[in-house]
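Step one of this worksheet: look at the structure below.
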Amino acid sequence: MTVGNAGTADADILRIANLTKTYGRFSALKSVSLSVRRGSIHGLLGENGAGKSTLVGMISGQRQPTSGTITLNGIEVQGHDVKEMEKAGVFLVTQEPMIIDHMSVAENLLLGIWPRKGWLIDWKRLRRDAARMLQDTDIDPGQRAGTLDAVARRKLNILRAMFSGGRVVILDEPTASLDVEARQQLFAFMRRLKAEGVTFIFISHYNDEILEICDAVSVLRDGELAGGSDDVGEMTSDMLSELVLGRGLSLFQRQRRTFGADEAAIVVEGVRARNVAVDAFRIHPGEIVGFAGLPGAGAKEFARCLFGLVHAKDGTMRLEPNSPAVKLPGHPFEAYRRGIAFLSDDRRKDGLVGHLSIGANMSLSSLPALSRRGFVDVEAEREIISRYFAGMGVKAPNPEVAIDTLSGGNQQKVCLGRVLATEPKLLILDEPTRGIDVGVKQDVHRIIDELSGQGVAVIVVTTDSDEMIRLVDRVCVFSAGSIVGELTGEAISKDRLRQISG
Ligand SMILES: Nc1ncnc2c1ncn2[C@@H]1O[C@H](COP(=O)(O)OP(=O)(O)OP(=O)(O)O)[C@@H](O)[C@H]1O
Ligand SMILES: [Mg+2]
């Protein structure tokens, strides 16, 4: 295979012409043509399953096009191979981080920078650079990568692509697990590298991110190029949504509810765990409470205590008004038996079973409830699957296909459908619409709203201020492991939330 290395005066570093990708009879990408300017940040937008990952997969050599051409630096790419493309300076940071768990952070960072013939590699300098890059993060270079959380893994991957000398760096939803501060860090980093001539392709579901960081944008819809602009400055958020959806976007806004102190509530008291010290927390059936705070402030950790994912030394909960207070669940299975459901923010780690079908993944959590004396009620299972498969608008031929072949956002919908199907008393959602496109996000908010209408108490941990404002009745603000304040009504605003989460 050959890849263009010759510097040309061409303003476009990358040109794609009539690119098509089919899987069997299904066309994931249909004759897409677009150009990317050298040294620009080019946004790529589109609904879940629109073909974004498929497109960048072909640009980076991970997937073979069915037909069409890719031209890099004026030379047509022949054969498609990841190693060759990386040599030519094209790097893809995928939606699902590729990290070698048993290696250290520093080793992971240096991975892929293999000594090349005719090149002298200054390993000492590389190590020093690695340490300097990690300085701005809370990641310890000597730490084993397997011990990193989702956010740190994402950061590490982005750093790695940049560190490996990428000239075209493709970021497939890089901000999905980053908090506000880390996102700004990433953007600053990107701007600096752009000034040095690096070109970026940037995939995101957030219009405001596209408008903030990108120079140009292309929008995919159902595998086709729906439109775009060479100058993002002339676009608005509404214009982007319209290109993505093919229609205007109707935003969901919950009618906020207030509850009296004397109304029935789920009461949690005296919780002590690592980085958690919550004296009292109440949530009413039918109420939606948002948890906000900086990373490590305790919001995520407290939510995990309630589901038995984090061990609490102390703490009690009372799910029904007249029932006795019991210890917090020691294990997710116990939590689940009590009627508590949890959606993790890391679907790879505590989420999906890759080789199983969508249907099997969806009904997995409901199986204990569906079984009668050890036998699974097949009819009931089928009903749950079809109700949530259609309800969540999962884009796939049918519920029998394997989860692995779904787009990232559609995998997230399956996770969510699975949790909702358990019909819990208390539902805990950690970043429920991360990776989900703007249209489906509204559907998900409507579904959560409906569930609360049926008396489910819902906790939403989210860094998405828009989601917080539109979905919750009340916000609990976390700091240093405790709940230090509450927002209700008009106080739940972008400005206040920005103050809280950096
Ligand atoms: N190996 C495969 N076999 C069959 N279908 C596939 C395969 N890989 C992807 N697809 C299908 O191709 C379509 C496009 O998927 P792609 O991952 O490119 O979407 P996306 O735009 O990245 O979506 P998201 O925003 O959810 O990540 C989807 O309908 C997906 O199910
Ligand atoms: Mg994708």
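Give me the residue from region 284-314 that is buried (at least 23 other Cβ atoms within 10 Å of the Cβ) and at positive phi and, out of that set, modelled with the lowest pLDDT.
Applying the filter and picking the extreme gives G293.
Restricting to region 41-59, count the residues that are within 9 Å of ligand 2 (Cβ to nearest atom) and under 13 Å from V168 (Cβ atoms).
Adding up the residues that qualify gives 1.
Go through the residues of region 305-323 one by one and say whether even a single one is of a type outside the set (G, A, S), assigned to a helix (DSSP H, G or I) and without any contact (Cβ under 8 Å) to a residue 40 or more places away in the chain.
yes
Can you list the strands (runs of 3 or more DSSP E) found entirely within region 168-229 that contain at least 3 residues being more than 14 Å from ligand 2 (Cβ to nearest atom)?
On the way: elements: 168-172, 199-203, 216-221, 224-229.
It comes to 216-221, 224-229.
Here is a list: V472, V444, V458. Which entry is crowded, with 21+ Cβ neighbours inside 10 Å and under 19 Å from L309 (Cβ atoms)? Let's see the steps before the verdict.
Values: V472 fails: under 19 Å from L309 (Cβ atoms); V444 fails: under 19 Å from L309 (Cβ atoms).
Exactly one of V472, V444, V458 is crowded, with 21+ Cβ neighbours inside 10 Å and under 19 Å from L309 (Cβ atoms), namely V458.
For region 417-467: of the residues being under 24 Å from L44 (Cβ atoms), assigned to a helix (DSSP H, G or I) and among the hydrophobic types (A, V, I, L, M, F, W, C), which is farthest from ligand 2 (Cβ to nearest atom)?
That would be V444.
Conditions tested, residue by residue: (1) polar (S, T, N, Q); (2) surrounded by fewer than 22 Cβ atoms within 10 Å (Cβ to Cβ).
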{"site": "R38", "(1), (2)": "no, yes"}
{"site": "G43", "(1), (2)": "no, no"}
{"site": "A50", "(1), (2)": "no, no"}
{"site": "L55", "(1), (2)": "no, no"}
{"site": "I59", "(1), (2)": "no, no"}
{"site": "R63", "(1), (2)": "no, yes"}
{"site": "I75", "(1), (2)": "no, yes"}
{"site": "Q78", "(1), (2)": "yes, yes"}
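Mind counting the residues in region 170-194 that are more than 16 Å from ligand 1 (Cβ to nearest atom), surrounded by 18 or more Cβ atoms within 10 Å (Cβ to Cβ) and of a type outside the set (A, V, I, L, M, F, W, C)?
Number of matching residues: 1.
Restricting region 60-78 to residues that are more than 16 Å from ligand 2 (Cβ to nearest atom) and among the polar types (S, T, N, Q), which is farthest from Q412 (Cα to Cα)?
N73
On the given criteria, is L34 modelled with pLDDT of 85 or more and either within 16 Å of ligand 1 (Cβ to nearest atom) or of a type outside the set (S, T, N, Q) (or both)?
When the stated conditions are applied, L34 passes them.
Here are some residues: A17, A6, A11. Which one is over 30 Å from K441 (Cβ atoms) and at pLDDT 95 or above?
Working: A6 fails: at pLDDT 95 or above; A11 fails: at pLDDT 95 or above.
Selected residue: A17, the only one of A17, A6, A11 that is over 30 Å from K441 (Cβ atoms) and at pLDDT 95 or above.
The values are calculated or read from the model by the stated rules, or taken from the named source; none is laboratory data. In this text, all values refer to a predicted model and were calculated from it rather than measured experimentally. A quick note on method: Cβ atoms are made from the backbone with ideal geometry, for glycine too, and the neighbour counts reach across all protein chains shown.
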